[in-house]
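The next block holds one structure in the form of structure tokens; read it before the comments.
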Amino acid sequence: MRSRSLACRRFSSSSYAAASALPIPHRSLADPRGSDHDFVAVAHSHLLRADWPALVPLAPSLTPFRTAHLLLRLRCDPILSLEFYRWTLLYGTPASHSLDTQAIVLHILTKSRRFKAAESIFRQLLIPRTQNSTSELFDAVLLTYRLCDSTPAVFDAMFKAYAHERKLRKATETFRLMRDYGFLPKIKSCNAFLSSLLYLGRADVALAFYREMHRCRISPNVYTLNMAIRALCNSGKLEKALDLFDKMEGMGFTPTVASFNTLIDAQCKNGLTGHAVKLKNTMAGKGLEPNVITYNTLIHGFCKESKLHEANRVFQEMKAAEVRPNTVTYNTLINGYSQMNNSEMGSRLYEEMVKDGIEVDIVTYNALILGLCNEGKTKKAAHVVKVLDQKNFVPNASTFAALITGQCKRQNSERALDIYKAMKRSGCTPNNDTFRLLIYTFCKNKDYEGAVELLKEMLGRYMAPDETLLTEVFDGIYSSGKTHLVTELHLDILVDLFSEVFIPSKMCSGAGSKALEHVKINTGSLRRTFGEGQEVATSKEETAWKGTIDGNGCSDDDSNRRVPSAPSFTFKVQRMIPTCPSQGMS
């Protein structure tokens, strides 16, 4: 959380003012003398004649000083300068260049408006050089600025390169240094930075940067405002997003289809599909027409709320407006009907999809399989799996999860377990819901040994069972008299997850037996495994756990659950295990 707040504070300094800008420092370059003078003269002559073979014997003698002078002599010819620079990378030595010589090349290219070539050099050569800090690179460009009679575009190119590469800290530091010396990035570069921030889920920093743009009087464009609206929506500030949307015309900008789509998506995610439809209906008044994304978003919103009738109405409206449905449209509807146990309607949509030449993908087949499995039609689902294989689609985690669902619906825990094992062999990762379904099925079949084994594996993958699931398992174990399974579960797994926890070493097995005996376990294994709050997750399974350690949440859709703290978990376990009314603590 500390790094998150620091990132925001970098953009919270005082307003930019040209009068307060720092003076630009200057680094002079001594004239070549003696052997340096002769070398530069000869090499320059070869370059002017494009006599590259004659240059090869000179390559080992190139030094940063000589390279800099040659580049400065060629700066009026940016094409030849770039060719020479690339030649030095092929034939020269690592000692042929320094940050200053690379900065000179960047000045030459940006002054001649060859921005793509300049950005390419930033990306390929400067960004990977982790031994040089952002400030060192910036200083090299700054100190050679007057030497090359450069333009502010060189700093803009540097900022944009970092933004495109999603090097957020380096981009932030570059922006701060630019501002200090009176330079500001162009709006396209700012938009690139905002886009990268949103891509990486840093809406908080995006909003802070947007405010800093306003303080620095960097004029936004409609794309900037669209991203600001998206950042507000992603931050849960829907009302502020709507307010900014309403102010767009007053700022001289006309909302675009993307503006509407962003807000419609946010409203649907917040369960405000009615408001989303009303907003869509206002698009015509702005001279805009809903596109496929608009309709898909509304359809998804209604399907999420199980309002399939409304989703189908939007679907029909979409076709009436001559907006061609795509794969996402059909997949959303098929999945919606599958969730409502209407595999027949899902199959009809699939047939329509094929008839209209809409591309079918693995998501389509997964939705069909899920619909059949939800109704327990495992044989028909198996047939779809064969079709999937014939189409050369590879089953993924969702495919296996749907098949497991079908077997669990039929209370066939052994067959479900076989599919689960096949799932692991294929390299697919089961999610929290898959484990829950399997464990519940084993419990219903009174196979508590199997349930405990799955629960152990679930915990071993850093997935947190909820209280309801644990209650189901512990109540079943207690009623079956297999209390040894709890001790085995705790000692094997729970000790590995919690640094300090009270756990029952014995359980009641009937009237007159001893009550719970508690054992305090101090392992420190949580700190040994994960470090002191460090981000050490290296696999998809660990991503969910990483979010609980650093407090930043997690990105996996199926793993956004938190393992309870040791004290709260202890309380729940003790509360869930029935105590014997006739005996006290031993």
Tell me which residues, restricted to the stretch 261-284, are surrounded by fewer than 22 Cβ atoms within 10 Å (Cβ to Cβ), among the small types (Gly, Ala, Ser) and under 14 Å from Val314 (Cβ atoms). Gly274
Could you check how many residues of the stretch 87-117 are over 20 Å from Leu137 (Cβ atoms), at pLDDT below 90 and either of a type in the set (A, V, I, L, M, F, W, C) or part of a helix (DSSP H, G or I) (or both)? 2
Conditions: (1) part of a helix (DSSP H, G or I); (2) loosely packed, with under 15 Cβ neighbours inside 10 Å. Ala451 meets all but one. Number of the miss? (2)
Anything in the stretch 240-256 that is among the charged types (D, E, K, R) and more than 25 Å from the chain's Cα centre (by Cα)? List them, or say none. Asp243, Asp246, Lys247, Glu249
I'd like the residue in the stretch 433-458 that is of a type in the set (S, T, N, Q) and in contact with a Ser or Thr (Cβ under 6 Å, 6 or more places away or on another chain) and, out of all such residues, is farthest from Ala397 (Cα to Cα). Asn445
Identify the residue in the stretch 418-432 that is touching a helix residue (DSSP H, G or I) at 6+ places or on another chain (Cβ under 7 Å) and either at pLDDT below 90 or outside any helix (DSSP H, G or I) (or both) and, among all such residues, is nearest to Tyr478 (Cα to Cα). Asn432
Every residue in the stretch 142-176 that is touching an Asp or Glu at 6+ places or on another chain (Cβ under 9 Å), crowded, with 22+ Cβ neighbours inside 10 Å and of a type in the set (A, V, I, L, M, F, W, C), please. Ala157, Met158, Ala161, Ala171, Phe175
Of the conditions (1) surrounded by fewer than 22 Cβ atoms within 10 Å (Cβ to Cβ); (2) among the small types (Gly, Ala, Ser); (3) more than 24 Å from Glu249 (Cβ to Cβ), Ser195 satisfies every one except a single condition; which number is it? (3)
Do you know which of the residues in the stretch 325-362 that are small (Gly, Ala, Ser) and assigned to a helix (DSSP H, G or I) is farthest from Glu305 (Cα to Cα)? Ser347
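The values are calculated or read from the model by the stated rules, or taken from the named source; none is laboratory data. What you see is a predicted model, and the numbers here were worked out from it, not measured in a lab. Quick reminder, even Gly has a Cβ in these numbers, built from the backbone with ideal geometry, and neighbours come from all protein chains shown.
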